[in-house]
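Worksheet for the structure shown next.
Computed from the coordinates by the stated procedures, all read-outs in this text should not be read as laboratory data. Since we're looking at a predicted model, the values are computed, not measured. Here the Cβ positions follow ideal geometry from the backbone for every residue, glycine too, while neighbour counts run over all protein chains shown.
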Amino acid sequence: EHHLTMAEVVQAALHADTGLRLAAVELLLAEKKTTTFPSTFEVDALKGSLAYSLSCAAPDGRNKLLRSFQRLLVRARETVRATEREAAKACAASQSELDRVME
């Protein structure tokens, strides 16, 4: 049984083989929770792969990589929205508590 290290996955994300590169990017971006902000590691790995992939000649590979990048941006957007909702709820609860104490 062999487990990939993150270094191996990052190396695969920069590989010349388009299929391997895209599979590695998908693995790097795999996150069950859509409201978990992408880590610095994920963003850095994608930036490296994106820069390399956009210079490659295969348009299909570039398009698939851009779709992965879009999913990462959607995840970031949804995380911000969820955080804003939680902050609004906390603010309303604090204001309600303050109003109760001030009565």
Kyte-Doolittle at least -1.0, axis length at least 20 Å by Cα - qualifying DSSP helices, the chain: 40-54, 59-102
Cα-centre dipole for the chain with unit charges at Cβ (Lys and Arg positive, Asp and Glu negative), debye to 20: 380 debye
Separation between Cα centres of region 20-49 and region 58-103, rounded to whole Å: 18 Å
CD proxy at 222 nm, helix term only [per DSSP H run n ≥ 4: -39500 (n - 2.57); per residue of the chain; nearest 500]: -26500 deg cm²/dmol
Total formal charge among the other residues, if their Cβ is under 14 angstrom from that of Gly19, Lys/Arg +1 and Asp/Glu -1: 0
Amide H contacts under 5 Å for Leu14, placed H, 5+ residues apart: none
Exposed-site-free run, longest, the chain (rule: trypsin sites (Lys or Arg not before Pro); DSSP loop; at most 13 other C-beta within 10 Å): 34-103
The chain, Cα convex hull volume normalised per residue, Å³: 121 Å³
